[in-house]
Amino acid sequence: MKKVNLLATALFTGILAFSGCSMGSSISDRLEGTWTETRQYKDYPRAVLHFKGQSLRMEHVFDEEVTVEYKVTEQKDADDFTISFEFWHKVKRVNGRIIDRKETRDYRYHVENGRPILSEMVVEYDGRGLIVFGEFLRKDNFTDGFESELKKKLNNREAVPTMMKME
């Protein structure tokens with residue numbers, strides 16, 4: 001039985017290779033290239049994401065330029081999926097102690113009016129829940145100060161009160 005499973009797996013892999021398909025190629029093709037953050041924060045340089053294959057190189061996101069492997073964590077359809085990654089680095093605390101810190105990021109790829117957008121998703125603890133922290137557009141579609149409909153919808157919700165007033 002193990003030989004049959006091994007043969008079937010090899011045959012399936014061969015069919016994918018000869019047909020020019022791969023399971024992750026359409027997602028990596030959609031991400032391929034340079035993405036620039038739409039919002040400028042004070043005099044800091046804008047964050048820039050460079051996708052190539054399964055690698056993501058980030059400029060101006062952390063103290064140093066970082067390259068990580070990302071994974072697809074959620075896929076609703078070809079025009080709406082989430083990628084995520086983890087990155088460990090050393091951080092010096094105020095007291096001088098150096099610690100290891102884990103950074104995680106989730107970017108949601110979605111398309112609005114034919115324009116691909118990467119939205120950095122975070123949880124806001126003010127009662128709104130999931131919001132868009134930052135957004136990125138492809139270098140060739142870049143518009144300064146752009147905000148997606150998704151960001152407007154999620155970020156402009158009223159916060160749910162954290163306590164009830166008793167009368």
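The values are calculated or read from the model by the stated rules, or taken from the named source; none is laboratory data. Note that this is a predicted model, so its numbers are computed, not measured. Neighbour counts are summed over all protein chains in view; Cβ atoms, including those assigned to glycine, are modelled from backbone coordinates with ideal geometry. In case anyone asks, the SASA skips ligands and DNA or RNA and just uses the protein heavy atoms, side chains included. Shrake-Rupley method; radii C 1.70, N 1.55, O 1.52, S 1.80 Å.
In region 31-141, carbon and sulfur make up what percent of the accessible area (probe 1.4 Å)? Carbon with sulfur: 46 percent of the solvent-accessible area.
Model label sites at residue 68 and residue 32, defined 7 Å from Cα along the beta-carbon direction, differ in position by 2.4 nm.
A Förster radius of 35 Å, combined with the Cβ-Cβ distance separating residue 147 from residue 99, puts the computed FRET efficiency at roughly 0.50. Here residue 166 and residue 122 are evaluated by their C-beta separation; at R0 = 25 Å the FRET efficiency comes out at 0.20.
How long are the three semi-axes of the equivalent ellipsoid of region 112-154, in whole Å, if each is the root of 5 times an eigenvalue of the C-alpha gyration tensor, listed from largest down? Don't jump to the answer; show the numbers that get you there.
Working: eigenvalues 97, 19, 12 Å².
Taking √(5λ) for each Cα gyration eigenvalue gives 22, 10, 8 Å.
Counting pairwise Cα distances across region 87-138, what percent come out greater than 17 angstrom? Every Cα pair in region 87-138 considered, those over 17 Å come to 57 percent. Rolling a 1.4 Å probe over the protein heavy atoms gives region 19-167 an accessible area of 66 Å² per residue. Taking a quarter of the surface of the Cα convex hull of region 52-95 gives a mean projected area of 4.4 nm². The alpha carbon convex hull volume per residue for region 23-75 rounds to 93 Å³.
In this label model, residue 79 and residue 54 are separated by 2.8 nm, measuring between points 7 Å along each Cα→Cβ vector.
Can you bin region 63-167 into rounded, prolate or oblate? Criterion: square roots of the alpha carbon gyration tensor eigenvalues sorted a ≥ b ≥ c, rounded for a/c under 1.5, prolate for a/b above b/c, oblate for the rest. In terms of gyration-tensor shape, oblate.
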